[in-house]
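What follows is a short report on a single structure.
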Amino acid sequence: MGRNGGSHRRVIAAFAVAAAAVLLASTVSADDDVVVLTEDNFDKEVGQERGALVKFYAPWCGHCKKLAPEYEKLGSSFKKAKSVLIGKVDCDEHKSVCSKYGVSGYPTIQWFSKGSLEPKKYEGPRTAEALTEFVNNEEGTNVKIASVPSSVVVLTSDTFNEVVLDETKDVLVEFYAPWCGHCKALAPTYEKVAAAFKSEEDVVIANLDADKYKDLAEKYGVSGYPTIKFFPKGDKGGEDYEGGRDLDAFVSFINEKCGTSRDGKGQLTSKAGLVDSLDALVKEFVAAGEEDKKAIVSKIEEEVEKLKGSTARYGKIYLKAAKNCIDKGTGYAKKETERLERILEKSISAAKADELNIKKNVLSAFM
């Protein structure tokens, strides 16, 4: 018994050590190259053998959400710099850490020199470039900002037909020349357009160097730069884009032509997922008595069966919501919306956020 008991205790102890190692690894691991700092690991990671830039944030904070992609870019830039740590603390979860360092607003960014837990508040612009310059100056490093992959699909003579003439895709193409000043001015806006619609599988934002591929430019009647043409599903002749060259104009055009519902930041609008024919039935459903609601659910089901493509997917959400309203009572739509909003305040993937926002939009019709 003594021998077996000792062996058993050693197994448990080994397991505990392994579990602790896994836990420590998970708290130190980084999402998008930014180290996640907590009450448990803050003092082990900060103020040690490397300088640390720490972002104190709250998941629900709008300014924090705006900073997030810039800060992730910063983390990617410094991930190989052994003398620097780029970290972040969720102040909703780790209030004691944020309170200890005098954080009263979000986001707050502080620099901790090597071997010190006395912070220096960062007061500069909240861009990856400005933050990189600050860290380089503080730590004496010479890190360059990491380049961000473009969301614009670069076309060539080999890929043009495959991408642009795909009958299942709506494609916007900018024909440009590298030496063209107007093209250079448009480039950052066009990149934002591509980023806004990168989650839309059926929408492609592309460009072609018309100076290099003159035959394709001539084929589509391009005589000046930039020329922008839209190639919709099922009609690949290519229509000229005559709208404005600002982000909002492009976004409005694509939403109208492609049936999407995005804003300039790529977020779904309040109209995403809504189906007019089903909204009309939901109005009847909300106004009806309990017995009549069941008959209207049958009508919704019949209408959903007629839908195709993405609207068919949205239709299933309507149908499920209607059935749940009957099964769980009139307060279901409000309670479920509040639950979804709580999840959306957390750090979740863009695809998951889209899914939840569409459900939230549909539920709004039932309230």
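The values are calculated or read from the model by the stated rules, or taken from the named source; none is laboratory data. Not measured: the values here are computed from a predicted model. Cβ sites come from the backbone with ideal geometry, for glycine too, and all protein chains shown count toward neighbours. Surface accessibility is based on the protein's heavy atoms, side chains included, excluding ligands, DNA and RNA. Shrake-Rupley method; radii C 1.70, N 1.55, O 1.52, S 1.80 Å.
How many of the residues making up region 171-193 are in a strand (DSSP E or B) and either open to solvent by 80 Å² or more (accessible area, probe 1.4 Å) or free of Cβ contacts under 8 Å to residues at least 60 places away in the same chain (or both)? Steps first, answer last, please.
Applying the first criterion (in a strand (DSSP E or B)) to region 171-193 yields 171-176.
Still in the list and also either open to solvent by 80 Å² or more (accessible area, probe 1.4 Å) or free of Cβ contacts under 8 Å to residues at least 60 places away in the same chain (or both): 174-176.
Selection size over region 171-193: 3.
Working only within region 120-165, note down all residues that are surrounded by 12 or more Cβ atoms within 10 Å (Cβ to Cβ), under 26 Å from the mean Cα position of the chain (by Cα) and under 30 Å from Gly259 (Cα atoms). Once the filter is applied, which keeps residues that are surrounded by 12 or more Cβ atoms within 10 Å (Cβ to Cβ), under 26 Å from the mean Cα position of the chain (by Cα) and under 30 Å from Gly259 (Cα atoms), region 120-165 yields Val148, Ser150, Ser151, Val152, Val153, Leu155, Val163, Val164.
Figure legend. Inter-residue proximity from region 62-83: first residues farther than 16 Å from Pro149 by Cα, second residues at pLDDT below 90 and open to solvent by less than 20 Å² (accessible area, probe 1.4 Å), beta-carbon distance below 7 Å, spacing 6+ or different chains. No pairs are indicated. Return yes or no: is Phe230 touching a Leu at 6+ places or on another chain (Cβ under 6 Å) and of a type outside the set (A, V, I, L, M)? Yes, satisfied. Looking only at region 249-266, residues that are free of Cβ contacts under 8 Å to residues at least 40 places away in the same chain, open to solvent by 70 Å² or more (accessible area, probe 1.4 Å) and not in a helix (DSSP H, G or I) come to 0 in all. Contact annotation: residue pairs with Cβ atoms under 8 Å, 6 or more positions apart or on different chains, pairing a residue in region 288-300 that is free of Cβ contacts under 8 Å to residues at least 24 places away in the same chain with a partner that is aromatic (Phe, Trp, Tyr) and surrounded by 12 or more Cβ atoms within 10 Å (Cβ to Cβ), are Ile300/Phe285; Ile300/Tyr318. The set of residues from region 204-219 being in contact (Cβ under 8 Å) with a residue 40 or more places away in the chain and either among the β-branched types (Val, Ile, Thr) or more than 24 Å from Asp246 (Cβ to Cβ) (or both) comprises Val204, Ile205, Tyr213, Asp215, Leu216, Ala217. Could you run through region 79-103 and say how many residues are over 27 Å from the mean Cα position of the chain (by Cα) and either aromatic (Phe, Trp, Tyr) or open to solvent by 20 Å² or more (accessible area, probe 1.4 Å) (or both)? Number of matching residues: 7.
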